[in-house]
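Dumping the structure here so I can ask a few things about it.
The values are calculated or read from the model by the stated rules, or taken from the named source; none is laboratory data. Note that this is a predicted model, so its numbers are computed, not measured. Positions of Cβ are backbone-derived with ideal geometry, glycine not excepted, and every protein chain shown enters the neighbour counts.
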Amino acid sequence: MTGPLFEYALRMGDSCLILGHRVSEWCGHAPAIEEDIALANTALDLIGQTQMWLGMAGEIESKGRSADNLAYLRDARDFRNLLLVERPNVDFAHTIVREVLFDLWHFHTLGALQTSTDARVAAIAEKALKEVSYHLQRSADLTIRLGDGTDESHGRMQAALDALWPYAGEMFLEDGIDIALAENGVGPALGAVKPLWEADMRRMLDQATLSWPKSTHVQKGGKTGVHTEALGYVLADMQFLQRAYPGATW
């Protein structure tokens, strides 16, 4: 039995991995060189965090699987990432909105995990929070600038927000794993994270002159391995080398 902590490490690591890959798709294609570099750096940070979370998951599992094995040799049904992070880039507005929705959750979640009763979790959170603080600062700034920018940038940002909003709610859906870890002081109480996220989100959207979406529907399934078809395309790209040449190393 691997237990709740193994599943939680997968959830955190997989979300960082898939978002890191999505962001990396902008490399060489961003609308400005500064954004190209910033997005590439964000992707690298997320992949580094993936290494820590999946490395811990491999240790807990004790079956000899490394972080690389877990990243490249699992099928979509075995991934535990949030549905939000697998959504396609579509355009720059979708990329920034997806990023800020996740960054704000990530920031408050890692803040809570710094006091985890599990020393490994607390150490990962402390290191990752420094990077995620920058991610959030940047994505929030761009959200405000583009939302309160031209008519076109405002319209694109609002459309992206409305489209991605149903996927944000999954971040706060608790199940037995979340509850068990919160009760032991290992993981955060999602009920405590949500009001912090909502308060910051409202302030940011007000500054960006963007409207709080009316939809209350929540898309769910990612945390238990039920994904959209978008993940399959990500994995087909991301895992091609290992699937084509098993055991290949640099």
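Based on what the data block shows, is Glu198 among the charged types (D, E, K, R), within 21 Å of the chain's Cα centre (by Cα) and within 18 Å of His94 (Cα to Cα)?
Judged against the criteria, Glu198 is not a match.
In addition: Scan the range 62-86 for residues that are of a type in the set (Asp, Glu) and not in a loop (DSSP other than H, G, I, E, B) and jot them down.
Asp68, Asp78, Glu86
Continuing with the same structure: Kindly establish whether Thr209 is surrounded by fewer than 17 Cβ atoms within 10 Å (Cβ to Cβ), of a type in the set (Val, Ile, Thr) and in contact with a helix residue (DSSP H, G or I) (Cβ under 8 Å, 6 or more places away or on another chain).
yes
Then there's this: Considering only the range 12-38, how many residues are among the hydrophobic types (A, V, I, L, M, F, W, C) and either under 21 Å from Leu181 (Cα atoms) or in contact (Cβ under 8 Å) with a residue 40 or more places away in the chain (or both)?
Matching residues across the range 12-38 total 9.
Residue by residue through the range 36-66, note down the ones that are more than 16 Å from Thr2 (Cα to Cα) and either of a type in the set (Gly, Ala, Ser) or touching a strand residue (DSSP E or B) at 6+ places or on another chain (Cβ under 8 Å) (or both).
Residues satisfying the conditions are Ala38, Ala40, Ala43, Gly48.
State whether one or more residues within the range 231-249 are in a loop (DSSP other than H, G, I, E, B) and within 20 Å of Glu86 (Cα to Cα).
Yes - at least one qualifying residue is present in the range 231-249.
If you don't mind, there's one more thing I want to ask. Return the pair list, or none, for Cβ contacts closer than 7 Å from residues in the range 184-206 that are over 25 Å from Arg120 (Cβ atoms) to residues that are assigned to a loop (DSSP other than H, G, I, E, B), at least 6 apart or on different chains.
As it stands, the answer is Arg202/Trp212; Leu205/Trp212, since those pairs meet every condition given.
Starting from residues that are among the β-branched types (Val, Ile, Thr) and part of a helix (DSSP H, G or I), keep the ones in the range 1-52 and report whichever is surrounded by the most Cβ atoms within 10 Å (Cβ to Cβ).
Restricting to residues being among the β-branched types (Val, Ile, Thr) and part of a helix (DSSP H, G or I), the top hit is Ile18.
Report, by residue number, each residue of the range 115-147 that is loosely packed, with under 15 Cβ neighbours inside 10 Å and part of a loop (DSSP other than H, G, I, E, B).
Of everything in the range 115-147, those that are loosely packed, with under 15 Cβ neighbours inside 10 Å and part of a loop (DSSP other than H, G, I, E, B) turn out to be Thr115, Thr117.
Looking at (1) surrounded by fewer than 17 Cβ atoms within 10 Å (Cβ to Cβ); (2) closer than 17 Å to Ser139 by Cβ; (3) without any contact (Cβ under 8 Å) to a residue 60 or more places away in the chain, which one does Val90 not meet, given that it meets all the others?
(3)
I would also like to ask the following. Do we find that Thr209 is in contact (Cβ under 8 Å) with a residue 40 or more places away in the chain and either farther than 24 Å from Val23 by Cβ or in a loop (DSSP other than H, G, I, E, B) (or both) in this structure?
yes
OK, next. Filter the range 219-250 down to residues that are among the hydrophobic types (A, V, I, L, M, F, W, C), surrounded by 13 or more Cβ atoms within 10 Å (Cβ to Cβ) and at pLDDT below 95, then give me how many there are.
So the count comes out to 1.
In addition: Name the residue that is farthest from Leu82 (Cα to Cα), counting only residues in the range 139-183 that are of a type in the set (Ser, Thr, Tyr) and free of Cβ contacts under 8 Å to residues at least 60 places away in the same chain.
Thr150
Answer yes or no as to whether Trp53 is among the aromatic types (Phe, Trp, Tyr), under 18 Å from the mean Cα position of the chain (by Cα) and modelled with pLDDT under 95.
no
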